Amino acid sequence: MLSEGFFELVIGALFYFFESFVRLFVQPPPKDVEGEIVLVTGAANGIGKLIAKEFGRHGATLVLWDVNWEALDRTARELRRILDVRVYAYACDCSRRTEVYKVAELVKREVGDVSILVNNAGVVTGKYTFTEAPDNLVDRTLRVNVAAHFWTYKSFLPPMISRNHGHLVCIACHGGLFAMNGLSDYCASKFAAVGFAESIALELLVLKKERIKTTIVCPYLINTAMFGGCQTKWPSFLPIIDQKKAAKRIVDAVLRDKMYVLLPSSLYFLVAIKSFLPAKLGIIFVNFFGGLDLMDRFRGVPVPAASYKKRQREDSVGDPLYYN
């Protein structure tokens, strides 16, 4: 039994190293997503809006979620005007489990089963040390950045499993691969999001649902308002990424069924050497590349608020449930 497993390991290593080498020069053709239902959370602005636009250009039906209804409505109107696809918009606070479930059921009734789920919504505190950070902001970070992934997967993954068809996209961050000073709750949430997405990928593999793909995206800083004011020490090695280029790279990776996307490509080098560095040398290394003072000039972004008309009640576990 051991010899069989060792033989499988050797053959697999040779095959996949060769495949990775070939992929450096020859990319697989992109899959056709025309008519697929793509749901993007945090789609009112920034990278979420641009990811939705890219999918729309490929003919996908778009379902847009965001907590900010006014901005989301403007985005939906814009995409309907410039794209020849169906665009649906739903106000939803993804940090609230019961609200995710409620809006998800609405999507299933009005649009259909989501086949590509892009968990993009995210928040960052960034202006406090961990002990100074208000509890409500820490809780908000964990709810939006990781707990929301649980509730959206619970809502949309079962139909994918029954049809053995779909794609799960986790938009994480380099902070899900490397710890950063001043981002304790944010890094914790992104590490958790990456671990969760990897674990679900393994579950699908064991279930033999090989036609449900997963893509985990870990970009460095993108020039959106989320990390406004942050600067990079090494713009040639770790540049701040243009959001339009990032959206194109992300969607292209999904279309080609890539499991991991690190932006820029230099992050692959940093991940490769991370495990080999002694812990104390690793700290010097992080400082060298700006990980200790990354947030020094952080300007912050406003705390998102539900701007749509709402009526509140308490569910059985005390979570507020909002209605449009």
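Summary of values
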{"quantity": "Gain upon complete extension [residue 31, residue 164; 0.36 nm per residue less C-alpha separation]", "calculated": "46.3 nm"}
{"quantity": "Simple spin-label estimate for residue 128 and residue 10 in nanometres, 7 Å along Cα-Cβ", "calculated": "5.7"}
{"quantity": "Pairs beyond 24 Å (Cα-Cα), from 53/209; 108/209; 209/245; 53/213; 248/274", "calculated": "53/209; 209/245; 248/274"}
{"quantity": "Using a Förster distance of 41 Å, the FRET efficiency for residue 256-residue 287 (Cβ separation, nearest 0.05)", "calculated": "0.70"}
{"quantity": "Linear extension gain, residue 111 paired with residue 231, 0.36 nm per residue minus alpha-carbon span", "calculated": "39.1 nm"}
{"quantity": "Footprinting exposure proxy for 65, 234, 151 (fewest neighbouring C-beta atoms within 10 Å first)", "calculated": "234, 151, 65"}
{"quantity": "Charge dipole (debye, nearest 20) of segment 33-303; +1 at Cβ of Lys and Arg, -1 at Cβ of Asp and Glu", "calculated": "420"}
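No value in this document is a laboratory result; all are computed from the given coordinates. Bear in mind the structure is a predicted one, so any value in this text is a computation, not a measurement. Virtual Cβ from ideal backbone geometry, glycine too; neighbours counted across all protein chains shown.
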